[in-house]
Amino acid sequence: MTLLLLLPLLIPFLTAVTALLAWHNRLLQRRINVVGAALHLAAALGLLVWVSREGIQAVQIGNWPAPFGITLVADLFSAIMVVMTGLMGLTVAIYSLGSIDARRESFGYYALLHTLLMGVSGAFLTGDIFNLYVWFEVMLITSFVLMALGGSQEQLEGALKYVTINLLSSALFLASVGILYSVTGTLNMADLARQIQAGDTVAPGLATVLGMMFLVAFGIKAGLFPLFFWLPASYHTPPIAITALFSGLLTKVGVYALVRIFTLIFVHDIAYTHTLLLIIAGLTMVTGVLGAVAQMEVRRLLSFHIISQIGYLLMGLGLYTALSLAGMIFFMAHVIIAKSALFLVSGVIRRQAGSYHLKEVGGLYRANPALAALFFVPAMALAGLPPLSGFWAKLALVRAGLETEDYAIVAVSLAVSLLTLFSMTKIWAEAFWKDHPQPEHPFARLAPQTRRPLLLPVVSLAALTVILGVAAEPFFALATDAAAQLLDPSAYIQAVLGGGA
Amino acid sequence: MEVVLAVIIGALYAAGLYMMMRRSLAKVVIGLSLLSYAANLLIFTVNGVMRGRPPLVPEGAVRPVEPFADPLPQALILTAIVIGFGVQAFALVLFKRAYQAAGTDDLDQIRSTELPKKSRKAGQAQG
């Protein structure tokens, strides 16, 4: 059964290798890509079922006993994140079939895509903080190449900024890991948690300083205020399938790492650290959404929205109650699905109306009402209208905030919700409602062979936001269980270190 | 020894960050590599510099003689050097391609991703 923990890493790895072996056969690569992505999602679902039945699972790689070897751990939160990775992988793999040009495909696009999925899954499953650094690097180097692949001036300039800031953050992450090791003598996250809670090897002040170093390092990757400027400067440059994948997964890995260390390791001084997280959360939400309101380019607008949604996730972490963490996990699933759906829809808008710029498009509602519906559902979910997924996620976060009497963050989150709705109606009014600025503009019809790969992922993601909203109960129960595991790390520590912990 | 290394690390960080804030692309790459050297040296130094005490198990014993140098930080540094080498090589090529595409190595001029298409001309006129 322990194989289930390794499969989400092995499958994308083998898929990438077979895709590389089929370098000259583009058609075969496309097939391998879809099969590999589907298997990855299946393995992730298997892992989730296994973890939800039998509790937290851990594997010691090479049978080196923890805390000396590298451990892979899956608690419910990790398993849910791996499932989201599999889901994103599959939808983007299918969407890529219709949207990625032959030149990119023959330069190893699919191999890179699956290596990225491996890196992301690895980051979610590892229980060793240096190993986390390695998975981050696997993920980053493939994302660098994916962002620059194609080599247009805009892409190269976007990649320039993306690479520089990420290398800076990696250097900081590495330095923090080194200092953490020097004071604790361990890299195993469960062992670190035990030592810092016991408080005898690490002075609480030093632990807080280390926590702040990790906050900055992961904060750059997650796109927190005031470290997010690289994101809207680079995310809109690659093809839309890659943007959707990045927005769904990469910043979320940063958030995952923050959640992991601020629920497992650095929980010795919650009054200081988690209040700071709340303040950053509020500022991230506000700056992100204000940036979005000012944009007229769909991809840039949505990129700014990524930032404001990260603020909500951080709000769930900062409140640090069972309800807020459950809300955060539910929000994570919701935002990954809804945001990627929006990016993928905007790719279809671009194909049909000829531009990403809101001033240059229009009249889509008349030309293609079905597409309008496909945009409308995830957009309203993102704004948090009932009965869609975003409503329940925001409701849980707001209720958690009211329970702990943090009224300021509740007020901010509600106001930001309203502005989110406003910027979504802006896209709606400009792209769908108003007439096309050139009255004679012919709407490009989707070619029959690209129709299905483009629309299938969008339809399924939009359907998922509805399902997550209408049948929220079982998903929310799962999120609540996952939150309980985060809030009480003793089960995690015991699963990794064994009974004596 | 630690004090000397600490000063060197500080100098490397300062130099790396200074280089990254210059306008030239080439200097940014140099800054990035200086930063990764600083991080590696930091790991080495904070984990205790020890001379001539390799963690070898003498014949007949089951554990090395205390005190011995911890080999793990060096393993971490080795991993980090390899990763850093690959990433910097990639960054170098990327920066060269960006330089060729943009036709300038002045970071203040490289901002086609910052401004929307319409206002780019106006922005250039101001700058």
Could you order A:W64, A:W23 by accessible surface area, starting with the largest, using a probe radius of 1.4 Å? A:W64, A:W23
Roughly how many Å² of B:I9 are accessible to a 1.4 Å probe, to the nearest 10? 10 Å²
How large is the Rg to Rh ratio of the protein assembly as shown when both quantities use alpha carbon positions and Rh follows Kirkwood? 0.96
Compare A:W428, A:W433, A:W392 by solvent-accessible area with a 1.4 Å probe and give them largest first, with all protein chains kept in place. A:W433, A:W392, A:W428
So, counting K/R as plus one and D/E as minus one, what does the shell of residues with Cβ under 12 Å around A:I80 add up to? -1
For segment B:25-97, the percent of all C-alpha pairs falling in each 5 Å bin, from 0 up to the bin holding the max distance, is 3, 14, 19, 16, 13, 11, 8, 7, 5, 3, 2, 0
What's the local net charge at B:S24, with K and R +1, D and E -1, over the other residues with C-beta under 12 Å away? 0
Here, segment A:404-481 modelled as identical Cα point scatterers in vacuum has Debye log10 I(q)/I(0) at q = 0.25 Å⁻¹ of -1.13
Taking alpha-carbon centroids only, segment A:174-217 lies from segment A:19-39 a number of Å equal to 42 Å
Compute the separation of the alpha-carbon centres of segment B:69-97 and segment B:22-63 and state it in Å as a whole number. 11 Å
Candidates per chymotrypsin sites (Phe, Trp or Tyr not before Pro) in segment B:1-69, loop by DSSP, up to 16 other Cβ within 10 Å: B:F68
How large is ³J(HN,Hα) for each residue in segment A:374-387, as worked out from phi by the Karplus curve 6.51 cos²θ - 1.76 cosθ + 1.60 (θ = phi - 60°), to whole Hz, x for Gly and Pro? 5, 6, 4, 4, x, 5, 6, 4, 5, 6, x, 8, x, x
Under DSSP loop assignment and at most 10 Cβ neighbours within 10 Å, longest GluC sites (Glu not before Pro)-free interval of chain A: A:1-404
How much mean residue ellipticity at 222 nm does chain A get from its helices, if each DSSP H run of length 4 or more adds -39500 (n - 2.57) and you divide by all residues, to the nearest 500 deg cm²/dmol? -26000 deg cm²/dmol
When only C-alpha pairs under 8 Å and at least 6 residues apart count, what is the relative contact order of segment A:272-470, in percent? 28 percent
Going from most exposed to least, what order do B:M20, A:M315 have by accessible area with a 1.4 Å probe? B:M20, A:M315
Which helices pass in chain B if a helix is a full DSSP H run, must span at least 20 angstrom along its long axis by Cα, and must have mean Kyte-Doolittle hydropathy not below -1.0? B:2-20, B:25-46, B:71-102
What is the projected area of the convex hull of the Cα atoms of segment A:330-404, averaged over all directions, in nm²? 5.8 nm²
Contact order relative to length of chain A, as percent, for alpha carbon pairs under 8 angstrom and 6 or more apart: 16 percent
Using only Cα atoms, tell me the angle between helix A:129-148 and the longest principal axis of chain A; keep it within 0 to 90° and round to the nearest 10. 10 degrees
Along principal axes, largest first, the alpha-carbon spread of segment A:272-470 in whole Å comes out as 59, 31, 22
Tell me the accessible surface of A:F13 in square angstrom (1.4 angstrom probe, heavy atoms of protein chains only), to the nearest ten. 100 Å²
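The values are calculated or read from the model by the stated rules, or taken from the named source; none is laboratory data. Since this is a predicted model, take the numbers as computed values, not measurements. So basically every Cβ, Gly included, is an ideal-geometry build from the backbone, and we count neighbours across all protein chains shown. What goes into the accessible areas is simple: the full protein's heavy atoms, side chains included, and nothing from ligands, DNA or RNA. Shrake-Rupley method; radii C 1.70, N 1.55, O 1.52, S 1.80 Å.
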